[in-house]
Amino acid sequence: MNLPVDMRAKLRGKLLADHRELRSKMGTLRALALTVMRGDEDLARALRLKGEEFNARLLEHMNWEEEHLPPILSRGENGLEKIIDLREEHARQRERLADSLEQLRNSEIASLPIARECLALVRWVETDMAIEERDVLRALDRIASEEVEKTSVAARN
């Protein structure tokens, strides 16, 4: 697979920009959840709204990853396994997000369990994003190295 430098840069940039945005949203969720857990019920509605926004944005990002990352991951070590892992992890996340969204929208559920769920979800997604970044950036670096090597070999011939 030949992946031009500008395309590698765009993919890297998009992944990292999305992850920065998601981390920012998770920071907001974390702060709201901790405040609600300390007893500030006035922020419970904001926590629910920010939780819904985060869920929507994370789903959008996962769709982008599933469209663009498999060809990159396939080039890395254990590429097929990494693609399967990505899809399986996203399936688990979608299930959890659906459950979380149901809780967020259910006004019968108390704020404290929702705050705890938001914190747990944030921790889970942070860990997953770190693994994705490691795997994708390694694969992009490997592709770049292979293409430099091909160019070098072609120039010698």
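The values are calculated or read from the model by the stated rules, or taken from the named source; none is laboratory data. Remember, it's a predicted structure, so these values are computed and weren't measured experimentally. Note: ideal-geometry Cβ built from the backbone for every residue, glycine included; neighbour counts use all protein chains shown.
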Conditions: (1) modelled with pLDDT under 90; (2) closer than 20 Å to Asp128 by Cα; (3) of a type outside the set (Ser, Thr, Tyr). Pro4 meets all but one. Number of the miss? (2)
On the basis of being modelled with pLDDT under 95 and within 20 Å of Glu117 (Cβ to Cβ), does Asp40 make the cut? yes
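I'd like the full set of residues that are of a type in the set (Phe, Trp, Tyr) and closer than 21 Å to Leu3 by Cβ, limited to segment 53-110.
Trp64, the sole residue that qualifies.
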Counting only residues that are buried (at least 19 other Cβ atoms within 10 Å of the Cβ) and at positive phi, how many does segment 12-61 have? 0
From the set of residues in segment 101-131 that are outside any loop (DSSP other than H, G, I, E, B) and either on the phi > 0 side of the Ramachandran plot or of a type in the set (Ser, Thr, Tyr) (or both), which is modelled with the lowest pLDDT? Ser111
Looking only at segment 36-74, which residues are free of Cβ contacts under 8 Å to residues at least 12 places away in the same chain, in a helix (DSSP H, G or I) and over 20 Å from the mean Cα position of the chain (by Cα)? Asp42, Leu43, Arg45
